[in-house]
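In what follows, a structure is listed as structure tokens, so that the remarks can point back to it.
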Amino acid sequence: MKLWVGLGNPEPGMARQRHNIGFMALDVIALRHGFAPWRKRFRGEVAEGSVDGVRILALKPMTYMNDSGSSVQAAAAFFKLAPGDITAFHDELDLAPGRIRVKRGGGAAGHNGLRSMDRHLGSPDYWRVRLGIGHPGSKERVTGHVLGDFAKVDRDWLIPMLDAVADAAGLLAADKPEEFMTRVALDMQGSK
């Protein structure tokens, strides 16, 4: 089993914020792959399913971004999962909008959701699917950018990216991150 975590904030008014792109990615994956309905568990919402024969527990922590790790730790402990079995889907300022990168381990780079996961798991050695939202250009504008809603023009890259991530999820489940990134990039090029 693998634990796929979407990072975001639970308030309905926050649903379209750039910071919630992790929730959005899991919603599309769960829908595309026929996961069971979302239900409350582990201080979050979970949906169970499989992607290309690999059992996946999708988790959206409802603890707010700054305490995401408590929800992730509870689920990981219950299923006895190691950090390497966990993948976090999250917004990434340092990637252009619509770009993705997958890596294992590393620093939190100022992301409070990742910082919380590191603290609660005791290790940064989990997978990260970094979903590019772009940088607003100056440090003073970062908070407003991250907590701002996606603009209508963003739909031109956001929807194709989320679809491509869901379509290529089998490669991620099969521990083929390089092939996953390539497939998403090719699908995004084809959607232009």
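Before moving on, here are some points about what is shown:
- Exposure proxy order (Cβ contacts within 10 Å, fewest to most) of Asp125, Asp67: Asp125, Asp67
- The overall shape of the stretch 1-114, judged from the alpha-carbon gyration tensor, is rounded, with an a/c ratio under 1.5.
- Highest GNM mean-square fluctuation among Leu31, Leu59, Leu114, for the chain modelled with Cα contacts below 10 Å: Leu31.
- R0 of 25 Å, Cβ-Cβ distance Val54-Phe78: FRET efficiency to nearest 0.05: 0.85
- Look at Tyr126, Tyr64 and count the other Cβ atoms within 10 Å of each Cβ; fewest to most, that gives Tyr64, Tyr126.
- Sorted ascending by nearby beta carbons within 10 Å, beginning with the fewest, Glu11, Glu140 become Glu140, Glu11.
- Looking at the stretch 1-94, the DSSP beta bridges with both ends there are about 60 percent antiparallel.
- Note on the stretch 1-64 and the stretch 79-121: Cα centroid distance 15 Å, given to the nearest whole angstrom.
- For the stretch 4-17, 3J(HN,Hα) per residue [Karplus equation, 6.51 cos²θ - 1.76 cosθ + 1.60, θ = phi - 60°, Hz, x = Gly/Pro]: 9, 10, x, 9, x, 10, x, 5, x, x, 9, 4, 9, 6
- Residue with peak Gaussian network fluctuation, the chain [Cα springs, cutoff 10 Å], from Gly84, Gly53, Gly134: Gly53
- GNM top mover of Gly107, Gly170, Gly148 - the chain, alpha-carbon springs below 10 Å: Gly107
- The stretch 28-175 - percent relative contact order, Cα under 8 Å, separation 6 or more: 25 percent
- Available extension along the chain between Arg141 and Ala15 is 43.4 nm, counting 0.36 nm per residue and deducting the alpha carbon span.
- Under 15 Å from a label point set 7 Å out along the Cα-to-Cβ vector of Ala36, the amide N atoms of the stretch 60-85 belong to 60, 79.
- Built amide H within the under 5 Å cut-off of His111, gap 5+: none
- For the stretch 44-60, 3J(HN,Hα) computed residue by residue from phi via the Karplus equation (6.51, -1.76, 1.60; θ = phi - 60°) reads x, 10, 10, 9, 9, x, 9, 10, 6, x, 9, 6, 10, 9, 8, 10, 10 Hz, glycine and proline entered as x.
- Of Pro10, Val54, Pro136, farthest towards positive along the dipole that unit charges on Lys, Arg, Asp, Glu beta carbons give the chain: Pro10
- Ellipsoid semi-axes for the stretch 2-190, based on the Cα gyration tensor and the rule √(5λ), read 22, 20, 16 Å when sorted largest first.
- Unit charges on C-beta of K, R, D, E only; dipole of the chain, Debye: 240 debye
- Shown in residue order for the stretch 87-104 are the 3J(HN,Hα) couplings computed by the Karplus curve 6.51 cos²θ - 1.76 cosθ + 1.60 at θ = phi - 60°: 10, 9, 9, 8, 6, 9, 5, 7, 10, 4, x, x, 8, 10, 9, 10, 8, 10 Hz (x for Gly and Pro).
Values quoted throughout were computed directly from the atomic coordinates according to the rules given, and no laboratory measurement underlies them. Just so it is clear, the model here is predicted, and its values are computed rather than measured. Positions of Cβ are generated from backbone atoms using ideal geometry, with glycine treated the same way; all protein chains shown enter the neighbour counts.
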